[in-house]
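Visitor: Below you will find the structure I want to go over with you.
The values are calculated or read from the model by the stated rules, or taken from the named source; none is laboratory data. Because the structure is a prediction, the values reported are computed rather than measured. For neighbour counting, all protein chains shown are included, and Cβ atoms are generated from backbone atoms with ideal geometry for every residue, glycine included. Calculation scope for accessible area: heavy atoms of the full protein, side chains included, ligands and nucleic acids excluded. Shrake-Rupley method; radii C 1.70, N 1.55, O 1.52, S 1.80 Å.
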Amino acid sequence: MSLFDTMQKDMLSAVKSGDTVTVDILKIVLSALKNARIAKGEDLSEDEEKKAVFAEAKKIKDSIEQYT
């Protein structure tokens, strides 16, 4: 099972439990994974998925530092 599939299942669980913070975070990460998949034009390898997630995390961290 890919990282993308795992995160989709986690998001579904979070939606069912009403955990809006987790849902919001997973939406951002899933969006980054979808965009990376579209940019490549095919499914991502596990390493490429991890790189996309880490890149998104870095963007978020930089944004937090910038606004504080």
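Visitor: Output the qualifying pairs, or none if there are none: Cβ atoms under 8 angstrom, residues six or more apart or on different chains, first residue in the range 37-58 and within 19 Å of Q8 (Cβ to Cβ), second residue outside any helix (DSSP H, G or I) and open to solvent by 90 Å² or more (accessible area, probe 1.4 Å).
Guide: Listed by first residue and then by second, the contacts come to R37/D43.
Visitor: For the subset of the range 7-25 comprising residues that are open to solvent by 80 Å² or more (accessible area, probe 1.4 Å) and among the hydroxyl-bearing types (S, T, Y), which member is farthest from A52 (Cα to Cα)?
Guide: Step by step, filter the range 7-25, then rank; the result is S17.
Visitor: Using the structure shown, decide if E42 is open to solvent by 100 Å² or more (accessible area, probe 1.4 Å), of a type outside the set (A, V, I, L, M, F, W, C) and out of contact with any Asp or Glu (no Cβ under 9 Å at 6 or more places or on another chain).
Guide: Answer is yes for this residue.
Visitor: Please go through the range 40-61 and pick out each residue that is out of contact with any helix residue (DSSP H, G or I) (no Cβ under 9 Å at 6 or more places or on another chain) and more than 20 Å from L26 (Cβ to Cβ). It would help to see each step written out before you state the result.
Guide: Step one: filter the range 40-61 for residues out of contact with any helix residue (DSSP H, G or I) (no Cβ under 9 Å at 6 or more places or on another chain), giving 41-42, 45, 47, 54, 58, 61.
Passing the criteria: G41, E42, S45, D47.
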